[in-house]
Amino acid sequence: MTDPVARAADLLMEHRDSIDRLDAIIVYTLAERFKRTQAVGKLKAEHDLPPSDPAREANQIERLERLAREADLDPEFARKFLNFVIAEVIRHHETFQS
């Protein structure tokens, strides 16, 4: 029989390795998302469109909250996260408008 403390240490390492992989996925996914939103910002600037689209943003927040509930993630956290991302995207879009 294995030592319970050693087994717990092994499980802890497995969980942390998984968390590290998921963090990498999040970072690369955000990078790809921002590449796309940068392209949107440039397109909006070229066509003199506003950097913000409140109707789309509201729809996206509703959508993300629904996805969060489906994924058993706190919808409030998902909303706060998306609001943070949207604010950063708008900030980038505004720089293209200058």
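The values are calculated or read from the model by the stated rules, or taken from the named source; none is laboratory data. From a predicted model like this one, the values you see are computed outputs, not experimental measurements. Because the Cβ atoms are built from the backbone with ideal geometry, glycine has one as well, and the counts that use them run over all protein chains shown. Keep in mind that these areas ignore ligands, DNA and RNA; they rest on the heavy atoms of the full protein, side chains included. Shrake-Rupley method; radii C 1.70, N 1.55, O 1.52, S 1.80 Å.
Summary of values
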quantity	calculated
Per residue value of the accessible surface for the chain (all protein chains in place, 1.4 Å probe), Å²	79 Å²
Choice from Ile25, Ile61, Ile86 with maximal GNM fluctuation in the chain (Cα, 10 Å cutoff)	Ile25
Accessible-area composition of the chain, carbon plus sulfur, in percent [1.4 Å probe]	61 percent
Among Val85, Val40, Val27, residue whose mean-square fluctuation peaks in a GNM of the chain (springs only between Cα atoms under 10 Å)	Val27
Cα-based helix-to-principal-axis angle, 4-46 vs the chain, degrees rounded to 10	10 degrees
Charge tally in the Cβ shell below 15 Å around Ala68, where Lys, Arg are +1 and Asp, Glu are -1, Ala68 excluded	-1
Under-5 Å amide H pairs with Ser52, H placed in peptide plane, nonlocal only	none
With Cα atoms, 0 to 90° folded angle of helix 75-97 axis to the chain main axis	40 degrees
For the chain: relative contact order, % (alpha-carbon pairs under 8 angstrom, 6 or more apart)	32 percent
Relative contact order [Cα under 8 Å, 6+ residues apart], the range 42-98, whole percent	46 percent
Cα-based helix-to-principal-axis angle, 54-70 vs the chain, degrees rounded to 10	20 degrees
Structure-derived P(r) over Cα pairs in 10 Å bins from 0, in percent: which label, when the choices are (1) 12, 35, 38, 14, 1; (2) 14, 31, 27, 15, 8, 4, 1; (3) 18, 55, 25, 2	(2)
The chain: most fluctuating residue of Glu32, Glu62, Glu14 per GNM, C-alpha cutoff 10 Å	Glu14
